[in-house]
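Following: one structure in structure tokens, then a few remarks.
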């Protein structure tokens, strides 16, 4: 009888905690278990009991029942990265509100495209060739250097009296082997480059080229993708 009483008392003591845990939202459980980690959103995935955690520049998963974090990609049977697709969709609102007045404007076409680029990135140069042949686009260029050499070329562009001309020279590769690209950055140009790097970090950009066009984020450059989008 004594043992039964102790068991009943024990169950009564732990029951409120179990009920509280069961009734807690994934957000509440996450905050309690990982208080040092902030997030912008926690949403259900197509897998029961697994939630997507978006931090603002990273995406991973949380299993409240096991109370563990899961890093990696969810991939569909068709080989599509569901993680990447979701991440790009979450980046779109941030790309939509970029301060375009700090970007380098190229062209006067009706189709407005925002691009984060590195002048030494081969895919960025492919996109440059593609868009430079078109008169129906306006490109707002944000610089995201991936190497010290790239940053030197960006500085050359930002310090030039004619930035568009300097941009064309760099992107055509005519100055690739020039040693005299060292440019004394003025305060304004320095702030522009710092701002572009800061914006890229806030959005979560880690590679180039990276585009925003017609409400969607496009990671990388494929000419057929843009040809189709520009038709619509």
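Coordinate-derived values only; no laboratory data. All values reported here derive from a predicted model rather than from experimental measurement. All Cβ positions, glycine included, derive from the backbone under ideal geometry; neighbour counts span all protein chains shown.
Between residue 102 and residue 28, the simple spin-label model (points 7 angstrom out along Cα→Cβ) gives 3.9 nm. Peptide packing for 66-76, 129-139 was compared via the average number of neighbouring C-beta atoms within 10 Å per residue; ordered from the highest value, the list is 129-139, 66-76.
Treating the angle as unsigned and between 0 and 90°, give the value, to the nearest 10°, between the Cα long axis of helix 163-172 and the longest Cα principal axis of the chain. Result, in degrees: 80.
With both residues required to sit in segment 94-231, DSSP beta bridges show an antiparallel share near 60%.
Helix 82-96 versus the longest principal axis of the chain: what angle, 0 to 90°, nearest 10, using Cα atoms? For helix 82-96, the angle is close to 60 degrees.
On full extension, the segment bounded by residue 92 and residue 232 gains 48.5 nm, given 0.36 nm per residue less the C-alpha separation.
Based on Cα contacts under 8 Å between residues 6+ apart, the chain shows a relative contact order of 18 percent. You can think of it this way: the chain between residue 78 and residue 135 has 16.9 nm of extra reach, that is 0.36 nm per residue less the Cα-Cα gap.
Take every DSSP beta bridge whose two residues both sit in the chain, then give the antiparallel share in percent to the nearest 5. So the antiparallel bridges in the chain amount to around 75 percent. With contacts taken as Cα pairs under 8 Å and at least 6 residues apart, segment 94-231 reaches a relative contact order of 32 percent. Among 38, 150, 33, sorting on how many other beta-carbon atoms sit within 10 Å of each Cβ, with the fewest leading, yields 38, 33, 150. Taking a ≥ b ≥ c as the square roots of the eigenvalues of the Cα gyration tensor, the chain is prolate, since a/c reaches 1.5 or more and a/b is larger than b/c.
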